[in-house]
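Below is a structure I'd like to ask you about.
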């Protein structure tokens, strides 16, 4: 007799649980509001470009990777990307190797532009669009905006690269 009561006592909660689960699944799901699609790369790239522009005027310092101490070119890229939640290599060579190579015509805000000095990769900047980029140029200088059409950069351009997904 005790066994029968225990089975009945167990059966009712199980049946109730099944009914509640079925009722929860039977409802019509609410559809999300339509959202205008935004390319993720452009949105993230725009934030990176804006952040890089905010660092214009920070002095150049070889090996520097923080606005309090100054920046070299790859330190500027590293700090800008890291501050926006993206892990990137610290050196320009590492950044070049990690980047997906694209043409300058394909470059968007936040992409990287690489330059050489004679035969070696020697410089990197953050593309802003419209043929302009932010970079930490050299000793005695400061983070600034430059044009891809300037003779030094036009002659020494190596590649554009994309680090963002």
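In segment 141-150, what residues are surrounded by 17 or more Cβ atoms within 10 Å (Cβ to Cβ) and assigned to a loop (DSSP other than H, G, I, E, B)?
Answer for segment 141-150, where residues must be surrounded by 17 or more Cβ atoms within 10 Å (Cβ to Cβ) and assigned to a loop (DSSP other than H, G, I, E, B): 143, 148.
Now a separate question. Pick from 163, 121: which is under 16 Å from the mean Cα position of the chain (by Cα) and under 16 Å from residue 77 (Cα atoms)? Working first, answer last.
Numbers: 121 fails: under 16 Å from the mean Cα position of the chain (by Cα).
Being under 16 Å from the mean Cα position of the chain (by Cα) and under 16 Å from residue 77 (Cα atoms) holds for just one of 163, 121, which is 163.
I'd like the full set of residues that are at pLDDT below 95 and part of a strand (DSSP E or B), limited to segment 102-120.
Matches in segment 102-120: 117, 120.
On to the next question. Being more than 17 Å from the chain's Cα centre (by Cα) and within 17 Å of residue 121 (Cα to Cα) is the filter here; which residues of segment 50-90 pass it?
Selection gives 62, 63, 72, 73.
Here is a further query. Here is a list of conditions, (1) touching a strand residue (DSSP E or B) at 6+ places or on another chain (Cβ under 9 Å); (2) in contact (Cβ under 8 Å) with a residue 60 or more places away in the chain; (3) under 17 Å from residue 162 (Cβ atoms), and residue 86 meets all of them except one; can you say which number that is?
If we test residue 86 against (1) touching a strand residue (DSSP E or B) at 6+ places or on another chain (Cβ under 9 Å); (2) in contact (Cβ under 8 Å) with a residue 60 or more places away in the chain; (3) under 17 Å from residue 162 (Cβ atoms), just (1) comes out false.
Would you pick out the residues in segment 151-165 that are farther than 28 Å from residue 85 by Cβ and either surrounded by 12 or more Cβ atoms within 10 Å (Cβ to Cβ) or touching a residue at least 60 places away in the same chain (Cβ under 8 Å) (or both)? It would help to see each step written out before you state the result.
At the first step, the residues of segment 151-165 found to be farther than 28 Å from residue 85 by Cβ are 151-157.
Result: 152, 153, 154, 156, 157.
Okay, residues lined up against (1) modelled with pLDDT of 95 or more; (2) over 18 Å from residue 157 (Cα atoms); (3) in a helix (DSSP H, G or I):
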site: 52; (1), (2), (3): yes, yes, yes
site: 62; (1), (2), (3): yes, yes, no
site: 68; (1), (2), (3): yes, yes, no
site: 86; (1), (2), (3): yes, yes, no
site: 96; (1), (2), (3): yes, no, yes
site: 124; (1), (2), (3): yes, no, no
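Name the residue that is nearest to residue 66 (Cα to Cα), counting only residues in segment 96-127 that are in contact (Cβ under 8 Å) with a residue 60 or more places away in the chain, touching a strand residue (DSSP E or B) at 6+ places or on another chain (Cβ under 6 Å) and surrounded by 15 or more Cβ atoms within 10 Å (Cβ to Cβ).
The initial filter retains those residues of segment 96-127 that are in contact (Cβ under 8 Å) with a residue 60 or more places away in the chain, namely 96, 98-102, 108-111, 126-127.
Then keep just the ones that are touching a strand residue (DSSP E or B) at 6+ places or on another chain (Cβ under 6 Å); that gives 96, 99-102, 109, 111, 126-127.
Of the ones still in play, those that are also surrounded by 15 or more Cβ atoms within 10 Å (Cβ to Cβ) are 96, 99, 102, 109, 111, 126-127.
On the way: 96: 20, 99: 22, 102: 28, 109: 21, 111: 20, 126: 16, 127: 19 Å.
Ranking the candidates gives 126 first.
Report, by residue number, each residue of segment 128-140 that is assigned to a strand (DSSP E or B) and in contact (Cβ under 8 Å) with a residue 40 or more places away in the chain.
Quick first cut of segment 128-140, residues assigned to a strand (DSSP E or B) only: 128-129, 132-135.
Result: 128, 129, 134, 135.
The values are calculated or read from the model by the stated rules, or taken from the named source; none is laboratory data. Small disclaimer: the values here were computed from a predicted structure and weren't measured. Here the Cβ is made from the backbone with ideal geometry for all residues, glycine too, and neighbour counts use every protein chain on show.
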